[in-house]
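Below is one structure; the comments refer to it alone.
Read-outs throughout are calculated quantities, based only on the coordinates presented, and are distinct from any laboratory measurement. Computed from a prediction, not measured in an experiment: that's the story for all the values here. Heads up, the Cβs are rebuilt from the backbone with ideal geometry, glycines too, and the neighbour counts pull from every protein chain shown.
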Amino acid sequence: MSNPELVPYQQNLRFKQAFKDLGLNLAEVFTFTPMDLDLENRRLENLLTFVKKYQQYGSQEVMELEEGDYCFPPISPGISPESDWYRFELWLQGEPIRKTISEQLPKTFKIKNPAEIPEAEIEAELEKLLDAVEQAGYGISLNEGIPARLVYKAVMEWIGEEFELNSPGGGGWFFDGCSGYCPDCMQRPWCETGLNCCWSEDEEAGKMFLTDELKDYVSASPQSLAILQEIQAEKDAYMAKFMEEHKNTAIDDIGDGDEEEDWRVQGN
C-alpha cells in the first residue's frame, strides 16, 4: 500500500523528470518552493501544460488564436508579457535567457579599464560608455556632480552583472546606483537622502561615513555627525508624532483627501 505522505514527492519527481525528458533546464525559469511541495507541484504542472500547448501550436500567435485569449508564460521572474514570452521562447530553444550588459554592448565598442584612462580623457570615455549602454537598451541615472571616474567605475561594475533579457525594443533595466544603504554608496556626498540621514556607521566613525573610494574626492568633518544627528532626530520626531496621531487608523486609510497632501508636504 502506498504511503499518502509520499505522493507529493513522487509527483514532484515525475514533473521534474518530464522537463528533463524535454531537454529543458527548469532552474532557468522556475522558483522552487521545497517547503511547500503542493504549491511547487501546482506550478510545475501549470508550466508543463503551458509548454506542451505551445509545442502543439508552434507559436505565440497561433496559441493565442486557438485559445481565444492572451496567454502568459508562467515563468519566474515575471517581468512583462513581452519579456516573459521572449525569455520563454529562448528557454525552449536552449538559448541563454540572461546575460551581462557588457555582452550586449555594440560590437564596435571597446571597454576600457578606468584606471588606465588619463584624467583628460575620462569624461569623453564616460560619454562613450553611457551611449553604448543606452544603445543596448539600458538606462543610467545617477546623482549629478559625481566625478566622471567614479561614475565610470560604478557603471563598469553594473554592466558586469547578469540580468534577465528583455525583448528587442521592449525596454531594459535601469541603473540608479542606489541600494538603500547609504554608508556603502559612492553617491552619498551628492545625494540628498544620503546627506540627510544618520547611520550607525556614522556614529561609530564620529562623522559621516564615506567609502574608501571617495577619499580622493571628498572628506567628512566631525561636525558632519552633529548635523546628521540633528536632521535624523527631526525626522524621527515627526514620524513618531505621525504614527501616534494615526495609531488607530488602518494603513490603507492613512493619507486620504486633504490630510494626505498635508503630511506629504510636511514630510518633504
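For this structure, a couple of remarks:
- The ranking of 210, 37 by Cβ neighbour count inside 10 Å, starting from the fewest, reads 37, 210.
- On Cα atoms only, tilt of 81-92 relative to the major axis of the chain in degrees: 60
- By other beta-carbon atoms within 10 Å, ranking 247, 153 with the fewest at the front produces 247, 153.
- Less than 5 angstrom separates the built amide H of residue 100 from those of 163, all sequence-distant by 5 or more or on a different chain.
- Only Lys, Arg (+1) and Asp, Glu (-1) charged, at Cβ; the chain dipole about Cα centre in debye: 1320
- In Hz, Karplus ³J(HN,Hα) per residue of the stretch 176-189 (6.51, -1.76, 1.60; θ = phi - 60°; x = Gly, Pro): 10, x, 9, 9, x, 10, 4, x, 9, 9, 6, 8, 3, x
- In this structure, the pairs whose alpha-carbon distance is over 22 Å, taken from 110/153; 110/215; 128/153; 215/235, are 110/215; 215/235.
- With respect to the chain, whose longest principal axis is taken over its alpha-carbon atoms, helix 7-21 is tilted by about 90°.
- 26 Å Cα-Cα reach of residue 52 towards lysines, excluding residues that sit fewer than 8 places from it in its own chain: 16, 20
- In degrees, nearest ten, helix 223-245 long axis to first principal axis of the chain (Cα): 60
- Positive-end extreme of charge dipole, the chain - chosen from 54, 209, 175 (charges on Cβ): 54
- Furthest towards positive pole of dipole, 195, 239, 44, structure part the chain, Cβ charges: 44
- The orientation-averaged shadow of the Cα convex hull for the stretch 100-175, equal to a quarter of the hull surface, comes to 5.0 nm².
- Estimated at 0.36 nm per residue, the fully extended path between residue 162 and residue 249 surpasses their Cα-Cα distance by 27.0 nm.
- A cut-off of 5 Å between modelled amide H atoms, ignoring neighbours fewer than 5 places along the same chain, links residue 175 with 139, 140, 141.
- In the list (i) 1.09; (ii) 0.99; (iii) 1.01, the label attached to Rg/Rh (Cα atoms, Kirkwood Rh) as derived from the coordinates here is (i).
- Mean Cβ count within 10 Å, highest first, over the residues of peptides 129-140, 213-224: 129-140, 213-224
- For the stretch 38-46, 3J(HN,Hα) per residue [Karplus equation, 6.51 cos²θ - 1.76 cosθ + 1.60, θ = phi - 60°, Hz, x = Gly/Pro]: 4, 5, 4, 5, 5, 5, 5, 5, 4
- Footprinting exposure proxy ranking of 142, 44, 6, fewest other C-beta atoms within 10 angstrom first, gives 6, 142, 44.
- The stretch 191-208 - phi-based ³J(HN,Hα) in whole Hz, Karplus 6.51/-1.76/1.60, Gly and Pro as x: 10, 4, 5, x, 7, 10, 8, 10, 10, 4, 5, 5, 4, 5, 7, x, 6, 4
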